[in-house]
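Worksheet for the structure shown next.
The values are calculated or read from the model by the stated rules, or taken from the named source; none is laboratory data. In this text, all values refer to a predicted model and were calculated from it rather than measured experimentally. All Cβ positions, glycine included, derive from the backbone under ideal geometry; neighbour counts span all protein chains shown.
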Amino acid sequence: MAEPELVDVVVVGLGVGGEEVAGRLAEAGLTVVGIERDLVGGECPYWGCVPSKMMIRAANALAEAHRVNELAGSAQVQPDWAPVAKRIRAEATDTWDDKVAVDRFTGKGGRFVRGSGRLDGPNRVHVGDQVFQARYGVVLGTGTRPSVPPIDGLADTPYWTNHQAIEVEELPASLLVLGGGAIGLELAQVFARFGVRVTVIEAADRVLAAEEPEASALAADALRADGVEIHTGVKAGRVGHDGDTFTVHADGAEFTGEKLLVVTGRKAHLDELGLDTVGVDAGQRYLPVNDRMHVTRGIWAVGDLTGEGAFTHIAMYQAGIVVADLLDHMRRTKGGPDASGTASVVGGAAGVVSAVGGAMSAGGSTAAPGSVPVADYRALPRVTFTDPEVGAVGLTEQQARERGVNVQVGYADLTSSARGWIHKTGNAGFIKLIADADQGVLVGATSAGPAGGEVLSALVVAVHAAVPISQLRHMIYAYPTFHRAIEDALRALK
Ligand SMILES: Cc1cc2nc3c(=O)[nH]c(=O)nc-3n(C[C@H](O)[C@H](O)[C@H](O)COP(=O)(O)OP(=O)(O)OC[C@H]3O[C@@H](n4cnc5c(N)ncnc54)[C@H](O)[C@@H]3O)c2cc1C
């Protein structure tokens with residue numbers, strides 16, 4: 001085995017979170033080794049957010065064209081998957097090639113190593129036959145992979161995960177979707193709008209089970225209107241594949257489809273990271289971190305791996321905290337870099353620390369000593385990009401009640417708002433507000449509708465900054481916007 005090479009920081013996994021941390025630390029002048037075994041950028045740009053939203057954009061254009069018939073004459077629509085597949089290949093993923101991303105990182109001064117990184121004691125990482133010893137710390141950003149349930153027969157079939165669904169060049173005639181969460185519903189609606197016969201099978205008693213029941217009902221109605229068959233409360237017991245067709249046996253029923261997409265959640269693979277060598281239990285579902293993303297001495301984690309929410313915006317938010325904290329830690333480390341390195345590196349570090357700290361505390365996070373922000377997930381926004389979109393922030397009504405909040409609920413239907421009525425076809429949606437009556441603030445909200453994810457931003461500010469409800473009621477809401485329904489929901493709080 002090679003002698004360990006001394007560097008400042010090692011980042012294992014260059015997905016959204018790891019790439020952000022590694023790039024910013026390299027820009028700050030540290031010697032940073034970034035290790036990625038697959039594609040720099042991770043799931044989001046190649047098999048997640050970006051290509052799926054390109055698919056949704058295309059599918060929504062088809063749906064909007066169909067609405068012409070009710071509003072503006074007649075339109076003939078001939079769906080064609082080829083331009084969608086081409087755009088994903090050419091514009092989103094460079095045919096699943098990360099040269100641009102690797103160059104972006106090395107252009108910032110980072111050193112890139114392709115391979116699987118594994119801890120081997122405090123601050124030491126193996127990758128292939130190389131060993132790196134990190135002077136200041138190791139950051140783990142290894143994300144998650146699809147969690148495939150142990151259903152009898154499933155592992156022996158050529159089922160799809162999100163990877164095959166995103167890479168598909170020619171659509172199947174029919175598709176079974178196992179899992180009615182956000183990813184399952186988004187992809188189900190896209191494929192249905194391109195003419196695929198889609199069946200969603202969900203074990204919980206409703207789709208989007210983590211969101212408000214009203215959101216589940218709205219999304220299910222919308223997908224059914226697009227021709228999607230939805231079966232809830234149905235647990236798949238066995239899966240078979242005869243070479244052409246998948247069969248899912250569930251609670252006495254049988255569902256068949258040309259392809260089977262499994263989107264039943266994600267799993268962190270902690271056992272691959274050598275965590276036992278630093279005294280951390282690798283048998284957990286996620287890697288617990290404190291509010292500065294520390295796992296244990298000298299190790300930070302960022303992104304999906306931490307289990308704080310599987311969203312790109314969480315990974316980016318946490319990355320800002322890791323960068324600030326690591327630079328702060330470096331500044332305080334006794335016997336840090338030598339005098340020549342200290343001046344520039346610490347100078348750069350201080351700049352980044354105060355810049356990040358300032359930005360975060362202006363946004364409401366509590367700044368810890370040394371102006372390093374700490375994580376605050378109270379106002380975590382999430383959007384399911386179905387049509388209508390379902391945006392949500394903070395607590396659902398049930399979560400708030402379970403936490404003993406003195407709950408008030410305000411609900412407004414979008415279809416009866418001025419803008420909803422004008423919009424007509426495609427206007428389904430609602431605003432639901434969850435208030436803490438004792439504190440006089442909102443602790444959660446759902447904004448569903450044609451621009452549900454965008455309207456959500458006002459509600460995120462309200463929850464994040466704990467804006468008094470009395471002030472929200474005395475704001476001016478532009479007429480006739482979708483977000484004006486927030487005012488109706490505030491009036492309905494009881
Ligand atoms: C279909 C789909 C749609 C999505 N849509 C959205 C959306 O609209 N909005 C949103 O916010 N989020 C969305 N997400 C979630 C988003 O993609 C993730 O939250 C985000 O990618 C998490 O980033 P990450 O850095 O934690 O991990 P990842 O992106 O998973 O990256 C981790 C990286 O680590 C690498 N790695 C793992 N182990 C090792 C190792 N030992 N050594 C070296 N490298 C390693 C992996 O190869 C990977 O590249 C979507 C996800 C999917 C699947």
For this session: Kindly indicate whether Gln408 is surrounded by 18 or more Cβ atoms within 10 Å (Cβ to Cβ), in contact (Cβ under 8 Å) with a residue 12 or more places away in the chain and out of contact with any Cys (no Cβ under 9 Å at 6 or more places or on another chain).
Result: yes
Seminar exercise, completed: Selection over the range 8-25 where residues are within 10 Å of the ligand (Cβ to nearest atom) and over 20 Å from the mean Cα position of the chain (by Cα) yields a count of 1
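Yes or no: Val131 assigned by TED's automatic domain parsing to the domain that holds Val21, within 30 Å of Arg292 (Cα to Cα) and within 13 Å of the ligand (Cβ to nearest atom)?
no
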Seminar exercise, completed: Scanning the range 240-299 for residues that are of a type in the set (Ser, Thr, Tyr) and within 20 Å of Thr144 (Cβ to Cβ) gives Thr264, Tyr286
Exercise. Can you pull out the strands (runs of 3 or more DSSP E) entirely within the range 336-435 that have at least 3 residues that are more than 25 Å from Gly309 (Cα to Cα) and modelled with pLDDT of 95 or more?
Worked result: 407-413
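Residue-wise test of (1) of a type in the set (D, E, K, R); (2) out of contact with any Asp or Glu (no Cβ under 8 Å at 6 or more places or on another chain).
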site	(1), (2)
Glu91	yes, yes
Thr106	no, yes
Gln130	no, no
Val139	no, yes
Pro146	no, yes
Asp152	yes, yes
Glu169	yes, yes
Ile183	no, yes
Problem set entry | the range 157-186 - residue that is closer than 18 Å to Glu202 by Cα and of a type in the set (Ser, Thr, Tyr) and, of those, nearest to the chain's Cα centre (by Cα) | Thr161
For this session: Go through the range 174-256 and tell me which strands (runs of 3 or more DSSP E), entirely inside it, have 3 or more residues that are within 16 Å of the ligand (Cβ to nearest atom).
Result: 174-178
For this session: Would you mention how many residues in the range 257-275 are outside any strand (DSSP E or B), surrounded by 19 or more Cβ atoms within 10 Å (Cβ to Cβ) and within 18 Å of the chain's Cα centre (by Cα)?
Result: 3
For this session: Find all pairs meeting these conditions: Cβ atoms under 9 angstrom apart; at least six residues apart or on different chains; first residue within the range 297-308 and among the polar types (S, T, N, Q); second residue near the ligand (Cβ under 7 Å from one of its atoms).
Result: Thr306/Gly17; Thr306/Ile314; Thr306/Ala315
Seminar exercise, completed: Within the range 278-298, the count of residues that are touching a Pro at 6+ places or on another chain (Cβ under 8 Å) and either closer than 13 Å to Leu140 by Cβ or surrounded by 19 or more Cβ atoms within 10 Å (Cβ to Cβ) (or both) comes to 3
